[in-house]
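A.B. asks: I have a structure here, written as structure tokens, and I will follow up with some questions on it.
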Amino acid sequence: MSDLFWLTDAQMARLAPFFPRSHGKPRVDDRRVLSGIIFINRNGLRWRDAPAAYGPHKTLYSRWKRWSEKGIFARMMAGLAAEHGEKTTVMIDATYLKAHRTATSMAAKKGGRGRLIGRTKGGMNTKLHAICDSQGRPIDLFVTAGQVSDYIGARALLSGLPNVKWLLGDRGYDADWFREALQDKGLRACIPGRKKRKTPIKYDKRRYKRRNRIEIMFGRLKDWRRVATRYDRCPKVFLSAIALAALVIYWL
């Protein structure tokens, strides 16, 4: 089929350093299996509907599940994103991802972090928090339940901010503690003040207009159906789907 997705030799060479070692019986063709996993995630198909060219669907699913739980796809994205070379500006924002009923069915395991799915006005959602560079390429990702404040995501992503000059964010990130934390890291905040502030906040409006690039990034990630609609119960597996989309779209 001409519309199938296949990783190139150059792309496989970039991913190879992140592959886990094969113990015992050698793995089946990595290029075929990974290409099938990407095809399923991009098109939102059931695993049993995988085209025959990618081999048995059980092989695709078992590889996806096993590598997702080990965090391998997230490490691939983080490893290649570490080569971003950004020295001037990063952006922060968050977006809602709709949770399908299959992701919310069944109770979460005791002692776990839960499914990271919350109820909002739009229904059951997961929230994706992201940092991207000046070109709109994702550098760091973090997921929470949908009703969680943007401040929680900002606090989680704060320690991983690269050494740059500016951080752009909407007024949802206007908090004194966040501005002080950025100042301590040597970053200048380009964040408009909330309307309830008694003293207006000055910010670079011309620079702030560039923030649309992170919105475009979210839109491109949501073109992948398994990202726009969450089908996975396990939050670690769902984060792997997001990381895989970011990896293929921006870093390969």
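The values are calculated or read from the model by the stated rules, or taken from the named source; none is laboratory data. What you see is a predicted model; the values in this text were computed from it and never measured. Positions of Cβ are generated from backbone atoms using ideal geometry, with glycine treated the same way; all protein chains shown enter the neighbour counts. SASA here: full protein model, heavy atoms, side chains in, ligands and nucleic acids out. Shrake-Rupley method; radii C 1.70, N 1.55, O 1.52, S 1.80 Å.
A.B. asks: For region 135-180, how many residues meet the condition of being under 21 Å from CYS234 (Cβ atoms) and hydrophobic (A, V, I, L, M, F, W, C)?
C.D. replies: Of the residues in that region, 7 qualify.
A.B. asks: Any idea which residue in region 1-17 is most open to solvent (accessible area, probe 1.4 Å), counting only those that are of a type in the set (S, T, N, Q) and either at pLDDT 95 or above or in the same structural domain as ILE38 (by the TED database) (or both)?
C.D. replies: Per the criteria, the residue is THR8.
A.B. asks: Pick from PRO26, PRO17: which is touching a residue at least 60 places away in the same chain (Cβ under 8 Å) and farther than 18 Å from ILE249 by Cβ?
C.D. replies: PRO17
A.B. asks: Pick from region 190-205 the residues that are in contact with a helix residue (DSSP H, G or I) (Cβ under 9 Å, 6 or more places away or on another chain) and over 18 Å from ASP93 (Cα atoms): which of them is surrounded by the fewest Cβ atoms within 10 Å (Cβ to Cβ)?
C.D. replies: Among residues in region 190-205 that are in contact with a helix residue (DSSP H, G or I) (Cβ under 9 Å, 6 or more places away or on another chain) and over 18 Å from ASP93 (Cα atoms), the one surrounded by the fewest Cβ atoms within 10 Å (Cβ to Cβ) is LYS195.
A.B. asks: Okay, moving on. Within region 96-133, count every residue that is open to solvent by less than 50 Å² (accessible area, probe 1.4 Å), of a type outside the set (A, V, I, L, M), touching a Ser or Thr at 6+ places or on another chain (Cβ under 6 Å) and at pLDDT below 95.
C.D. replies: Looking only at that region, the number is 0.
A.B. asks: For residues in region 206-252 being of a type in the set (Phe, Trp, Tyr) and within 15 Å of LEU116 (Cα to Cα), which is surrounded by the most Cβ atoms within 10 Å (Cβ to Cβ)?
C.D. replies: The first filter runs over region 206-252 and keeps only residues of a type in the set (Phe, Trp, Tyr), leaving 208, 218, 224, 231, 238, 250-251.
Filter once more, so that each one left must be within 15 Å of LEU116 (Cα to Cα): 231, 238.
Working: TYR231: 17, PHE238: 25.
That would be PHE238.
A.B. asks: If I filter region 146-155 down to residues being over 14 Å from the mean Cα position of the chain (by Cα) and small (Gly, Ala, Ser), which single residue comes out as most open to solvent (accessible area, probe 1.4 Å)?
C.D. replies: Once the filter is applied, the top-ranked residue is SER149.
A.B. asks: Looking at region 29-46, which of its residues are surrounded by 14 or more Cβ atoms within 10 Å (Cβ to Cβ) and in a loop (DSSP other than H, G, I, E, B)?
C.D. replies: Result: GLY44, LEU45.
A.B. asks: Shifting gears a bit: Test ALA74 against the stated conditions and say whether it is among the aliphatic types (A, V, I, L, M), modelled with pLDDT of 95 or more, over 25 Å from ALA228 (Cα atoms) and outside any loop (DSSP other than H, G, I, E, B).
C.D. replies: So ALA74 fails the test.
A.B. asks: Within the set of pairs 6 or more residues apart or between chains, which connect a residue that is buried (at least 16 other Cβ atoms within 10 Å of the Cβ) inside region 174-185 to a residue that is of a type outside the set (Phe, Trp, Tyr) and part of a loop (DSSP other than H, G, I, E, B) with Cβ atoms less than 7 Å apart?
C.D. replies: Hits for this filter: ASP174/ILE191; ASP174/PRO192; ASP174/GLY193; ASP174/ARG194; ASP174/ILE201.
A.B. asks: So, restricting to helices (runs of 4 or more DSSP H) that lie completely within region 85-187, which ones have at least 1 residues that are in contact with a strand residue (DSSP E or B) (Cβ under 8 Å, 6 or more places away or on another chain) and under 30 Å from LYS202 (Cα atoms)?
C.D. replies: Where helices (runs of 4 or more DSSP H) fall fully within region 85-187 and carry at least 1 residues being in contact with a strand residue (DSSP E or B) (Cβ under 8 Å, 6 or more places away or on another chain) and under 30 Å from LYS202 (Cα atoms), they are 150-158, 176-184.
A.B. asks: Go through region 215-244 and give me each residue that's among the aromatic types (Phe, Trp, Tyr) and either free of Cβ contacts under 8 Å to residues at least 24 places away in the same chain or closer than 13 Å to PHE73 by Cα (or both).
C.D. replies: The initial filter retains those residues of region 215-244 that are among the aromatic types (Phe, Trp, Tyr), namely 218, 224, 231, 238.
Result: PHE238, single match.
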